[in-house]
Amino acid sequence: MEIVVVGGWRRLRHWLKPSPAARRVLIVAGIVLAQPAWIWASGQVRTDVHWRTAPRHSMDIAPLPAEAPQALVQVWQARAYNWRGTLGVHTWIALKPRNADHYTTLQVIGWRVWSGRKATRIADEAPDRSWFGHTPELIDQICGPDAEQAIPHLLQLAQNYPEAHRYHIWPGPNSNTFIAYLIRHTPQLRTELPATAIGKDYLLGGSWRGEGLGGGELYSLAGLLGASVDWSRGAQLNLLGATFGVDWRNGAIDLPFHGRIGARAPHCQARRATQAAQVGMGNQMRSGQS
């Protein structure tokens with residue numbers, strides 16, 4: 001009896017022993033799945049604030065309207081509220097017509113649906129407000145004539161968003177689904193949302209094929225399984241909302257939960273006067289030292 005048990009145990013161990021290729025896959029999967037814990041432990045997300053009292057002030061990143069008379073369209077991201085920030089980001093778009101004295105933001109907020117209102121929020125406010133304690137980051141920006149053409153189109157799209165009364169954190173439609181929808185339907189915007197923008201690959205109307213963000217083709221099954229490829233730029237794979245990708249044009253990779261490692265595509269420059277002055281002083285100092 002003991003011989004039979006020992007022999008069976010050895011066969012089971014041999015059957016369960018992963019191949020070298022399987023071990024490499026398991027190691028990569030372990031590293032990826034450990035990312036949320038590392039993000040939380042490193043203090044990149046705040047879980048110690050209530051949404052009523054969490055900071056929502058301007059972080060002084062975007063140029064003041066008086067400093068940038070040209071039209072601007074900006075795409076922003078910040079880690080999502082509370083523990084959700086360990087998994088992904090919230091995105092929004094800010095608009096400023098030429099010579100306007102304020103910005104207008106476009107975004108979807110889930111709890112508006114739960115209180116019986118539209119999820120879409122169009123508001124005149126600073127574009128770079130802290131997202132419940134998380135510092136925003138500018139993903140992309142278009143300036144001048146392109147922005148002038150895009151602004152009225154974006155406003156119309158936001159006002160007529162077909163999923164304004166429906167919201168699901170996962171797999172969508174959510175806030176990132178909304179911003180991806182605006183980008184896909186605005187020719188002047190070629191923004192590629194980060195891998196951490198869960199819901200960006202959720203296509204409206206039950207579609208399974210659409211335009212990839214930034215170009216190319218996207219194939220997606222309800223935002224749960226999909227792939228996109230642009231042979232001039234890069235490719236991404238979506239597994240249950242977790243996105244893996246490579247950008248061979250800019251030499252970067254995209255990882256779930258973490259985001260991009262490497263360079264982003266360049267965008268037009270518009271900074272606060274204080275930031276521009278600091279950059280200019282730094283350039284002068286470097287010139288003097290050379």
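With 10 Å bins beginning at zero, the pair-distance distribution over Cα atoms of the stretch 120-229 amounts to 13, 44, 36, 7 %. Couplings 3J(HN,Hα) for the stretch 229-239, derived from phi with the Karplus relation 6.51 cos²θ - 1.76 cosθ + 1.60 (θ = phi - 60°), are 8, 10, 4, 8, 10, x, 8, 9, 10, 10, 10 Hz, where x marks Gly and Pro. Annotation: amide H of His165 within the under-5 Å range of Ala119, sequence separation 5 or more or interchain, hydrogens built in the peptide plane. Label-to-label distance for Val246 and His168 is 3.2 nm, based on points extended 7 Å past Cα in the beta-carbon direction. Between Glu211 and Glu125, the distance separating the two model label sites (each 7 Å from Cα on the Cα→Cβ line) works out to 2.9 nm. For the stretch 118-176, the set of chymotrypsin sites (Phe, Trp or Tyr not before Pro) satisfying both a DSSP loop assignment and a count of at most 16 other C-beta atoms within 10 Å is empty.
Of Asp201, Asp128, Asp230, how do they rank once you tally other Cβ atoms within 10 Å and put the fewest first? Lowest count first: Asp230, Asp128, Asp201.
For the peptides 222-229, 54-61, 250-257, residues were scored by their other Cβ atoms within 10 Å and the scores averaged per peptide; the highest-first order is 222-229, 250-257, 54-61. Residue by residue, the stretch 199-215 carries 3J(HN,Hα) couplings of x, 5, 8, 7, 8, 6, x, x, 5, 10, 9, x, 8, x, 5, x, x Hz when phi is fed to the Karplus relation 6.51 cos²θ - 1.76 cosθ + 1.60 (θ = phi - 60°); x denotes Gly or Pro.
No value in this document is a laboratory result; all are computed from the given coordinates. Remember, predicted model here, so these are calculated numbers, not experimental data. Reconstructed Cβ throughout: ideal geometry from the backbone, glycine too, with neighbour counts over all protein chains shown.
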